[in-house]
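Here's the structure we're looking at; comments come further down.
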Amino acid sequence: MPKFSANLSFLYQDLPFIDRFAAAARDGFKGLEYLGPYAEPKEKVADALKINGLTQVLFNLPSGDWAGTERGIACLPDRVDEFRDGVAAALDYAAALDCKRLNVISGLVPKDADLETLERVLVDNLRYAAPRMADAGIKLLIEPINLHDMPGFFLSTTDHAERILDKVGSDNLYIQYDFYHMQITQGDLVRTFERLKDRIAHVQIADNPGRNEPGTGEINYGFILSELDRLGYDGWVGCEYRPKAGTTEGLGWMKPYRT
């Protein structure tokens, strides 16, 4: 039976950030994830988790000016010091929130950049971060993101993610496998997941087209979720989608999985 995590960067957008915790708990979610908690004091976020009986499943390392045009900094040669500062900040928040997974957003390819240089910087940054996460009991993840939603993103396929994992050479680096992104980029969703399952530490879902809730598009999530069970995946399933009508109103798809 899948365990669903509410992604608060997508769900309950009509509420202030901290108020989304209680809303998710009322709707039956047991876990939470989001881009990052850094705009709030860690003590305030920890209290919201505790009061609502929620698990902090995952969040991202600091990823630059997300409200602007940036989508991660991990591959950028002139942002290495900032990335390392972000590792420390993420570890600090993860300790306070008892979060066991942190995700790295690789970044956009700058104009006229040398791709080999970007890859070397990303690998070096991950080699820096992975053992520090391991010492804290935290799994480090990287995420392929499709180029339709995020043009110019450096890491867009599972093949590239595998190459990065091999180059880093750490047993504490994993893939975050988002079925929505992978449907757009490469398809063959379940077979790819099965091949990579030992290298995947978190999955996320949304339907396509539209990035709305399961059941609104072409992806057969009834089949996918049953296959995750069959294949022994016991991690969280992150609900990273844009509700069509409203978060609570659109949760009918979850009814077969409620206990």
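Below are the figures for this structure:
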{"read-out": "Residue within region 24-34 that is free of Cβ contacts under 8 Å to residues at least 40 places away in the same chain, loosely packed, with under 15 Cβ neighbours inside 10 Å, farther than 17 Å from K255 by Cα and among the aliphatic types (A, V, I, L, M) present", "value": "no"}
{"read-out": "Among the candidates V203, V190, residue that is without any contact (Cβ under 8 Å) to a residue 60 or more places away in the chain and not in a helix (DSSP H, G or I)", "value": "V203"}
{"read-out": "Test: residue in region 97-115 that is of a type outside the set (K, R), part of a loop (DSSP other than H, G, I, E, B) and touching a residue at least 60 places away in the same chain (Cβ under 8 Å)", "value": "no"}
{"read-out": "Selected residue [more than 28 Å from R20 (Cα to Cα) and among the basic types (K, R)] from R71, R79", "value": "R79"}
{"read-out": "Within region 1-27, tally of residues that are of a type in the set (F, W, Y) and farther than 13 Å from G246 by Cα", "value": "3"}
{"read-out": "Top-ranked residue of region 1-23 - restricted to ones that are surrounded by fewer than 20 Cβ atoms within 10 Å (Cβ to Cβ) and touching a Phe, Trp or Tyr at 6+ places or on another chain (Cβ under 7 Å), ranked as farthest from P62 (Cα to Cα)", "value": "M1"}
{"read-out": "Residues that are among the aliphatic types (A, V, I, L, M), in a strand (DSSP E or B) and more than 15 Å from T185 (Cβ to Cβ), drawn from region 131-171", "value": "L140, L141"}
{"read-out": "Residues of region 1-50 classified as touching a Lys or Arg at 6+ places or on another chain (Cβ under 8 Å) and more than 22 Å from G235 (Cβ to Cβ), total", "value": "2"}
{"read-out": "Criterion (touching a strand residue (DSSP E or B) at 6+ places or on another chain (Cβ under 6 Å) and polar (S, T, N, Q)) met by exactly one of N52, N125, N60", "value": "N60"}
{"read-out": "Count of region 53-79 residues which are in a loop (DSSP other than H, G, I, E, B), hydrophobic (A, V, I, L, M, F, W, C) and under 27 Å from A24 (Cβ atoms)", "value": "4"}
{"read-out": "Hits in region 10-34 (condition: more than 11 Å from A48 (Cβ to Cβ), aromatic (F, W, Y) and outside any strand (DSSP E or B))", "value": "F10, Y12, F29"}
{"read-out": "Set G246, G232, G215, G187: member being on the phi > 0 side of the Ramachandran plot, touching a Lys or Arg at 6+ places or on another chain (Cβ under 8 Å) and surrounded by fewer than 19 Cβ atoms within 10 Å (Cβ to Cβ)", "value": "G232"}
{"read-out": "Meets criteria (touching a helix residue (DSSP H, G or I) at 6+ places or on another chain (Cβ under 8 Å), crowded, with 23+ Cβ neighbours inside 10 Å and touching a residue at least 24 places away in the same chain (Cβ under 8 Å)) for A74", "value": "yes"}
{"read-out": "Condition broken by E82, with the remaining ones in (1) part of a loop (DSSP other than H, G, I, E, B); (2) at pLDDT 95 or above; (3) loosely packed, with under 15 Cβ neighbours inside 10 Å; (4) of a type outside the set (A, V, I, L, M, F, W, C) satisfied", "value": "(1)"}
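Yes or no, residue by residue, for (1) surrounded by fewer than 14 Cβ atoms within 10 Å (Cβ to Cβ); (2) over 18 Å from I105 (Cβ atoms); (3) modelled with pLDDT of 95 or more:
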residue: A134; (1), (2), (3): no, yes, yes
residue: H148; (1), (2), (3): yes, no, yes
residue: T157; (1), (2), (3): no, no, yes
residue: Q176; (1), (2), (3): no, no, yes
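The values are calculated or read from the model by the stated rules, or taken from the named source; none is laboratory data. All values reported here derive from a predicted model rather than from experimental measurement. Reconstructed Cβ throughout: ideal geometry from the backbone, glycine too, with neighbour counts over all protein chains shown.
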